[in-house]
Amino acid sequence: MRFRLASAAAFCCVVAFCCMASLAGAQAALPSLTSQRIVTPLSVDFTASGFDSVTWAEDSPTLTQLGLDLTAGLEYTTPISMPIRLEVGYIGFASSGISSDGEQYRAWQGARFALLTGYNFAPLSIEGLGKLKLALLAGGAVTAAEYTDTALAYAYPSIVLEPRALLALNGIFGGDDTGPYITLPTELMFRAGNYSLAPGVGLGFRYRIIGIN
Amino acid sequence: MRVGKTIDSSLGLAAVILAAGLVFTSCTQNASSITSPRYALVYGIKNYLADPLTYTVADAQSIESVLESKGVPSVNMIEREDSAVTKAQIKADILSLSSVSSDSTVIVYYSGHGSYVDASWGSYYPTYSGAYIAPYDAVSSSGLTGSTISNLISPSEFESWISQMGTKNVIVIFDSCYSGGFIPSTSSIDASPSDYSSMQSYSAFSTAMSNFGSLLVANASASGEKTPIVLSACGSNEESYDGTTAMGHGVFTYYLLKAATNGDSNGDGYVTMTEAYAYTAQCIKTWGASLTSSDEYVAFLPHLSGGIRDLVLFTN
């Protein structure tokens, strides 16, 4: 039941975030007398990632946990190829295996908020198809979480490193910054004196907001 | 085509990384079985000189039996009842485990009276405040008196004894009134109400959101040092329920005993403290809801200490 509550809350956050992003895009492109299609500096995206985290601490076993992250992002691309990115989403990890002395790390889930920046590399043209756009992002995140199946609430910060490759296909989706992408996020979580390093793989889709001028 | 190779390579690399991770996780998670020693101290007090209880000794006997069949050798178990459960004896039992190996697990179970000394008692017993457990010698034929109150065991006393054990893998289970007072403060907030009148805040996720800042501060100041994992029958301001004839046990212990066989929610062969808590809490919710349409039964919901760590309570 708590899983559903947290999921529903995270989903509502994502929906609200997308609505805000759409409004922001619309505002950036209010129509004028001579209509012209413009590409705004804003894009929205949705990513689903899988993680395999390793948790460790002094005097504690090192154990791994599988996780899932569903994230909605709003990204502002500056003229100097430096994106500024906000993320909100659901994150959840299963409990770890059990060590030989009977220890385990608890499952948890929660809502994650992140602020990232980085660098958009020059796009690589792919003849006849479109462009491959590489980016490297880094930043910080905070997560409000609960230990699954308990009434225990907690929160933790983390740092995030996220290389990303987006494929913008010619003539599809209408923009050179729109398309599917693959990402390899790695998150280092600081959890009550313990550390969890969570490398993952994510797939997503980004839409560059188009306005009419 | 270049693009095909690029995309294929990226996806291939991602698939390899994910597969490697899954294999690593799978190996890590399935490789372990519990090989470290396990010990248990089990106490039940029914025949107090005043205010006797009904099912507490039965609770202790059944817990002993279940633990013996679920991973604790009888040679590593101490079970005491009634007049044998004095403050000095509990302390001696705990300190007798000061030389166990650091990878051992120690389970301490207590079923008996608990007491809460508040400000209204202050003028009589100014040095006492908060939740206590009441060993046999804390209760005279006149009840809790000035000559016996020093035999109450406070959370800080108990914690200081526990800290002298040779291991940090300590499980504490109290089926007694106000036992939530023995849950150590950690970087987590227990969203279960310590008093059912405040139950409107009963949601861990909303509690996390509404206390985001303070929880981040608590997280930052946490040392990561291992603390006992405590499961209590009720909150620090609530009374536990001694049970019904049909149960033959206190309500909390009745369902905890069932968790030993039914509580392994992920089917890995172990019932952890979190699983035992979740199963017991769910059963008590169902039981409570069948008795009354009000929410008063939440006073009998168990409480669990926080932290990222969990320990196995029952092995199968």
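Answer with yes or no whether residue B:102 is small (Gly, Ala, Ser), closer than 30 Å to residue A:58 by Cβ, modelled with pLDDT of 95 or more and surrounded by fewer than 21 Cβ atoms within 10 Å (Cβ to Cβ). It would help to see each step written out before you state the result.
On the way: small (Gly, Ala, Ser): yes; closer than 30 Å to residue A:58 by Cβ: yes; modelled with pLDDT of 95 or more: no; surrounded by fewer than 21 Cβ atoms within 10 Å (Cβ to Cβ): yes.
Taking the combined requirement at face value, the residue does not satisfy it.
How about segment A:168-185: which of its residues are among the hydrophobic types (A, V, I, L, M, F, W, C) and either under 25 Å from residue A:55 (Cβ atoms) or buried (at least 22 other Cβ atoms within 10 Å of the Cβ) (or both)?
Of all residues in segment A:168-185, those among the hydrophobic types (A, V, I, L, M, F, W, C) come to A:168-169, A:172-173, A:182, A:184.
Across segment A:168-185, the qualifying residues are A:168, A:184.
Hey, can you tell me all the residues within segment A:49-91 that are closer than 17 Å to residue A:178 by Cα and charged (D, E, K, R)?
Hits for segment A:49-91 are A:75, A:85.
Looking only at segment B:236-256, which residues are more than 30 Å from residue B:104 (Cβ to Cβ) and at pLDDT 90 or above? Reasoning before the result, please.
We begin by selecting, within segment B:236-256, every residue more than 30 Å from residue B:104 (Cβ to Cβ); these are B:237-239, B:241-248, B:251.
Within segment B:236-256, B:245, B:246, B:247, B:248, B:251 meet the criteria.
Quick check, is residue A:150 over 24 Å from residue A:184 (Cβ atoms), among the β-branched types (Val, Ile, Thr) and touching a residue at least 12 places away in the same chain (Cβ under 8 Å)?
In short, yes.
Output the strands (runs of 3 or more DSSP E) that fall wholly within segment A:34-124 and possess 2 or more residues being more than 14 Å from every other protein chain (Cβ to nearest Cβ) and not polar (S, T, N, Q), or say none.
A:37-56, A:63-77, A:83-93, A:108-120
What are the residue pairs meeting all of these: first residue in segment B:145-158, first residue under 17 Å from residue B:92 (Cα atoms) and in contact (Cβ under 8 Å) with a residue 12 or more places away in the chain, second residue buried (at least 18 other Cβ atoms within 10 Å of the Cβ) and among the hydrophobic types (A, V, I, L, M, F, W, C), Cβ atoms under 7 Å, and 6 or more apart or on different chains?
B:151/B:138; B:152/B:134; B:152/B:138; B:153/B:90; B:153/B:133; B:155/B:131; B:155/B:182; B:158/B:182
Say we look at segment B:287-316 and pick out the residues that are more than 10 Å from chain A (Cβ to nearest Cβ), assigned to a loop (DSSP other than H, G, I, E, B) and free of Cβ contacts under 8 Å to residues at least 60 places away in the same chain; which of these is surrounded by the fewest Cβ atoms within 10 Å (Cβ to Cβ)? Walk me through it before giving the result.
Keep residues of segment B:287-316 that are more than 10 Å from chain A (Cβ to nearest Cβ), which gives B:287-300, B:314, B:316.
This time we only want the ones that are assigned to a loop (DSSP other than H, G, I, E, B), so: B:292-295, B:316.
From what's left, free of Cβ contacts under 8 Å to residues at least 60 places away in the same chain: B:292-294.
Numbers: B:292: 9, B:293: 7, B:294: 10.
This residue is B:293.
Tell me yes or no: at least one residue of segment B:220-228 is part of a helix (DSSP H, G or I) and under 22 Å from the mean Cα position of the chain (by Cα). Explain how you work it out, then say what you get.
From segment B:220-228, those part of a helix (DSSP H, G or I) are B:220-221; that's our starting set.
If we keep only those that are under 22 Å from the mean Cα position of the chain (by Cα) as well, we get none.
No.
Might you let me know whether segment B:42-62 holds any residue that is closer than 20 Å to residue B:227 by Cα, surrounded by fewer than 24 Cβ atoms within 10 Å (Cβ to Cβ), acidic (Asp, Glu) and away from chain A (no Cβ under 14 Å)?
no
Select from segment B:128-158 the residues that are over 20 Å from residue B:239 (Cβ atoms), surrounded by fewer than 17 Cβ atoms within 10 Å (Cβ to Cβ) and in contact with a helix residue (DSSP H, G or I) (Cβ under 9 Å, 6 or more places away or on another chain) and list them in ascending order.
Passing the criteria: B:150, B:157.
Looking at residue A:188, is it buried (at least 20 other Cβ atoms within 10 Å of the Cβ), hydrophobic (A, V, I, L, M, F, W, C), over 13 Å from the mean Cα position of the chain (by Cα) and more than 10 Å from every other protein chain (Cβ to nearest Cβ)? Walk me through how you get there before you give the answer.
On the way: buried (at least 20 other Cβ atoms within 10 Å of the Cβ): no; hydrophobic (A, V, I, L, M, F, W, C): yes; over 13 Å from the mean Cα position of the chain (by Cα): yes; more than 10 Å from every other protein chain (Cβ to nearest Cβ): yes.
For residue A:188, the condition - buried (at least 20 other Cβ atoms within 10 Å of the Cβ), hydrophobic (A, V, I, L, M, F, W, C), over 13 Å from the mean Cα position of the chain (by Cα) and more than 10 Å from every other protein chain (Cβ to nearest Cβ) - is not met.
Inspect segment B:265-286 for any residue being in a helix (DSSP H, G or I), away from chain A (no Cβ under 14 Å) and either more than 26 Å from residue B:159 (Cα to Cα) or hydrophobic (A, V, I, L, M, F, W, C) (or both) and give the result as yes or no. Show your work before the answer.
If we filter segment B:265-286 for residues that are in a helix (DSSP H, G or I), which is where we start, we get B:273-286.
This time we only want the ones that are away from chain A (no Cβ under 14 Å), so: none.
Among the residues of segment B:265-286, not one is in a helix (DSSP H, G or I), away from chain A (no Cβ under 14 Å) and either more than 26 Å from residue B:159 (Cα to Cα) or hydrophobic (A, V, I, L, M, F, W, C) (or both), which makes the answer no.
Checking the structure you have, find out if any residue of segment B:199-222 is among the hydroxyl-bearing types (Ser, Thr, Tyr) and in contact with a Cys (Cβ under 6 Å, 6 or more places away or on another chain).
So the first thing to find is which residues in segment B:199-222 are among the hydroxyl-bearing types (Ser, Thr, Tyr), and the list is B:201-203, B:206-207, B:210, B:214, B:221.
Checking the rest, the ones that are also in contact with a Cys (Cβ under 6 Å, 6 or more places away or on another chain) come to none.
No - not one qualifying residue is present in segment B:199-222.
Please enumerate the residues belonging to segment A:110-145 that are under 22 Å from residue A:192 (Cβ atoms) and hydrophobic (A, V, I, L, M, F, W, C).
Answer for segment A:110-145, where residues must be under 22 Å from residue A:192 (Cβ atoms) and hydrophobic (A, V, I, L, M, F, W, C): A:111, A:113, A:114, A:141, A:142, A:144, A:145.
Could you go through segment A:165-185 and let me know if any residue there is over 23 Å from residue B:309 (Cβ atoms), at pLDDT 95 or above and part of a loop (DSSP other than H, G, I, E, B).
Among the residues of segment A:165-185, at least one is over 23 Å from residue B:309 (Cβ atoms), at pLDDT 95 or above and part of a loop (DSSP other than H, G, I, E, B), which makes the answer yes.
Which residue is nearest to the other protein chains (Cβ to nearest Cβ), if the candidates are limited to segment B:237-264 and must be at negative phi and more than 20 Å from the chain's Cα centre (by Cα)? Step through it out loud before you land on a result.
Filtering segment B:237-264 down to residues at negative phi leaves B:237-242, B:244-247, B:249-264.
If we keep only those that are more than 20 Å from the chain's Cα centre (by Cα) too, we end up with B:244-247.
Numbers: B:244: 25, B:245: 30, B:246: 27, B:247: 24 Å.
Per the criteria, the residue is B:247.
So, restricting to strands (runs of 3 or more DSSP E) that lie completely within segment B:40-158, which ones have at least 1 residues that are charged (D, E, K, R)? Don't jump to the end; show me each part of the working.
Values: elements: B:77-81, B:105-111, B:113-117, B:130-134.
It comes to B:77-81.
From the list A:147, A:119, pick out the single residue that is in contact with a strand residue (DSSP E or B) (Cβ under 9 Å, 6 or more places away or on another chain), hydroxyl-bearing (Ser, Thr, Tyr) and surrounded by fewer than 16 Cβ atoms within 10 Å (Cβ to Cβ). Lay out the reasoning, then the answer.
Numbers: A:147 fails: surrounded by fewer than 16 Cβ atoms within 10 Å (Cβ to Cβ).
Among A:147, A:119, only A:119 is in contact with a strand residue (DSSP E or B) (Cβ under 9 Å, 6 or more places away or on another chain), hydroxyl-bearing (Ser, Thr, Tyr) and surrounded by fewer than 16 Cβ atoms within 10 Å (Cβ to Cβ).
Would you please name the residue that is nearest to residue A:58 (Cα to Cα), looking only at residues in segment B:287-316 that are modelled with pLDDT of 90 or more and aliphatic (A, V, I, L, M)?
Here the answer is B:308.
Output the residue which, of all residues in segment B:181-219 that are among the hydrophobic types (A, V, I, L, M, F, W, C) and either crowded, with 23+ Cβ neighbours inside 10 Å or within 16 Å of the chain's Cα centre (by Cα) (or both), is modelled with the lowest pLDDT. Please lay out each step first, then the result.
We begin by selecting, within segment B:181-219, every residue among the hydrophobic types (A, V, I, L, M, F, W, C); these are B:182-183, B:189, B:191, B:199, B:204-205, B:208-209, B:212, B:215-218.
Now restrict to residues that are either crowded, with 23+ Cβ neighbours inside 10 Å or within 16 Å of the chain's Cα centre (by Cα) (or both): B:182-183, B:189, B:191, B:204-205, B:208, B:215.
Working: B:182: 94, B:183: 92, B:189: 86, B:191: 83, B:204: 88, B:205: 88, B:208: 90, B:215: 94.
Taking the candidates together, the pick is B:191.
The values are calculated or read from the model by the stated rules, or taken from the named source; none is laboratory data. Owing to the predicted nature of the structure, the values given are computational and were not obtained by experimental measurement. Neighbour counts run over all protein chains shown; Cβ positions are idealised from the backbone, glycine included.
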